[in-house]
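Here the structure is laid out as structure tokens; the discussion comes afterwards.
Please treat every number below as a calculation from the coordinates, not as lab data. Computed from a predicted structure; not experimentally measured. Heads up, the Cβs are rebuilt from the backbone with ideal geometry, glycines too, and the neighbour counts pull from every protein chain shown.
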Amino acid sequence: MGCRDQCDPSRVMQPLLALVDCNNFYVSCERVFRPDLIGKPVAVLSNNDGCMVARSQEVKDLGIKMGVPVFQVQHLVKQHNIQLFSSNYTLYADMSARVMSILEGFAPSIEIYSIDESFLDLTGVCEKDPIDYGQKIRKAVLQRTGIPVCVGMGPTKTLAKLANYGAKKWKHTDGMLDLSDPVRREKFMKLVPVDEVWGIGSRTTAKLNQLGIKTVWDLATQPSKRIQAQFNVMVARTILELNGIGCMSLEEISPDKQQIVCSRSFSRKLTDFRELSEALSEYCTRAAEKLRHQRSVTGCISVFIRTNLFNPSEPQYQRSASIKLSAATQDTRTIITTANRLLKELFKPNYKYHKCGVQLSHIQPALSFAQNDLFDVAGNSLLEKSDQLMQTFDKINRRFPKSLSMAASGFDKTWIAKAERKTKHYTTDWNELVDVMCV
């Protein structure tokens, strides 16, 4: 190969990223084990069965919005026989892992963006026919998991995300759209409103509209420096991404969470401190497990309690408190003890409490250097024993879910959030595996 060939810009490999997004993921997971519901209106409810957090296309077509309380659309539920399911996060997490495992076989690099989305780096993988490759991805995931997906492709993450929007919205794309071609990209951008761009929220959209920027194309043709001066650097980078200039690389290893929050609404109002303490202790246990899962420790614990803010006929009360720890920890016992100490300061009798929760912050890697308490004589040995105990605790609960708990027990647990329509753990519990009948 001569020098001319090596320096020819047309021969430089163009980046190609794909976003694979599961369609109505929670609903699709339920339909895998209830195929009789395919084509029928289905919705998945939030904790406590209060609001719709996932809707099938049939439910969306009825004009029912995301997050709407069920009682507000009860007439539509009855009229159209909408099938409702309680959230089954154990099932959804396992199905997500199966989908991501399949996607890893199609690309050398993958970023798991959320429970139902992943970015794939397909640079140099499918130059000849990216559309056909995208359809192979769709067919493989559907065949091996039963979950339908759409695929969007482009030279940047923002364009891949935008292409995925088009693949979902327009049926003639057959669930696959590639925006690598500048001519096709321009035509597409002129049809799509600017609020569909990844990272452009409602406030930014309102400001852009005031400037006459209403479509994606309007935004893409703006000078990035002027937009940065009027908005911020992230919007300026978005303009570069829309023009095929990559500003965001794939994160193959998900960054650790900087905050961990665990909270729930109660199925009934709580007035007794012991019940609030028990609920808070359970949330602390769950938060501590998440903390250890990412091998981190927390240096600050916050607690909040509140009544039902949407019931003005009852006395209202909400408060929160935080405490910075002298030594960062991942020990469930320390987190529970500290949180309950804060709860004692916050609690007031004669109120009907609707929700409480715990937040862990000042999070850092467990292996990072930390200054021990000057007066903690046993410091290192106790810390080592604590780590061993927590590791054993987590191993047992992974093998026998929820078999061990450090939270208080023995009280009435009717406060636990409702899940009256929850399906079985089809893929994670031997006692709830699907029965297959051979005829």
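Beta-bridge orientation, the range 17-178: approximately 75 percent antiparallel, per DSSP, counting only bridges with both partners inside. Dividing the mean sequence gap of close Cα pairs (under 8 Å, 6+ apart) by how many residues the chain holds gives a relative contact order of 16 percent.
Give me Rg/Rg_expected for the chain, where Rg uses Cα atoms only and Rg_expected = 2.2 N^0.38 Å with N residues. Could the numbers behind the result be given before it?
Details: Rg = 25.3 Å, N = 439, 2.2 N^0.38 = 22.2 Å.
That ratio works out to 1.14.
Here the 3J(HN,Hα) profile of the range 425-431, calculated from phi with Karplus coefficients 6.51, -1.76 and 1.60 at θ = phi - 60°, is 8, 4, 10, 10, 10, 4, 7 Hz, Gly and Pro shown as x. Computed 3J(HN,Hα) for the range 28-35, one whole-Hz value per residue from the Karplus formula 6.51 cos²θ - 1.76 cosθ + 1.60 where θ = phi - 60°, is 4, 4, 5, 6, 4, 9, 9, x, glycine and proline marked x. Considering only alpha-carbon pairs that sit under 8 angstrom and 6 or more positions apart, the relative contact order computed for the range 287-332 is 48 percent. Among the trypsin sites (Lys or Arg not before Pro) in the range 338-367, those placed in a DSSP loop whose Cβ has at most 16 other Cβ atoms within 10 Å are LYS352. Taking every alpha-carbon pair under 8 Å whose residues sit at least 6 apart, the range 17-178 reaches a relative contact order of 29 percent. Under 5 Å between amide hydrogens, built in the peptide plane, is the criterion, and for LEU122 it picks out LEU16, LEU17, ALA18 among residues at least 5 positions away or on other chains.
For the range 33-143, the fraction of C-alpha pairs farther apart than 23 angstrom is 45 percent. Using bins of 5 Å that start at zero, the share of Cα-Cα pairs per bin across the range 306-367 amounts to 3, 14, 25, 19, 14, 10, 8, 4, 2, 0, 0, in whole %.
Of the residues ARG55, ARG333, the one with the fewest other Cβ atoms within 10 Å heads the list, and the complete ranking is ARG333, ARG55.
Send over the per residue convex hull volume for the range 262-351, Cα only, as a whole number of Å³.
Hull volume over Cα atoms, normalised by residue count, gives 93 Å³.
Using θ = phi - 60° in the Karplus curve 6.51 cos²θ - 1.76 cosθ + 1.60, the 3J(HN,Hα) couplings for the range 323-339 round to 9, 8, 7, 5, 9, 4, 8, 10, 7, 4, 4, 5, 5, 5, 4, 5, 5 Hz; x is entered for Gly and Pro. Within the listed set THR238, THR334, THR285, the residue fluctuating most in the Gaussian network model of the chain (springs between alpha-carbon atoms under 10 angstrom) is THR334.
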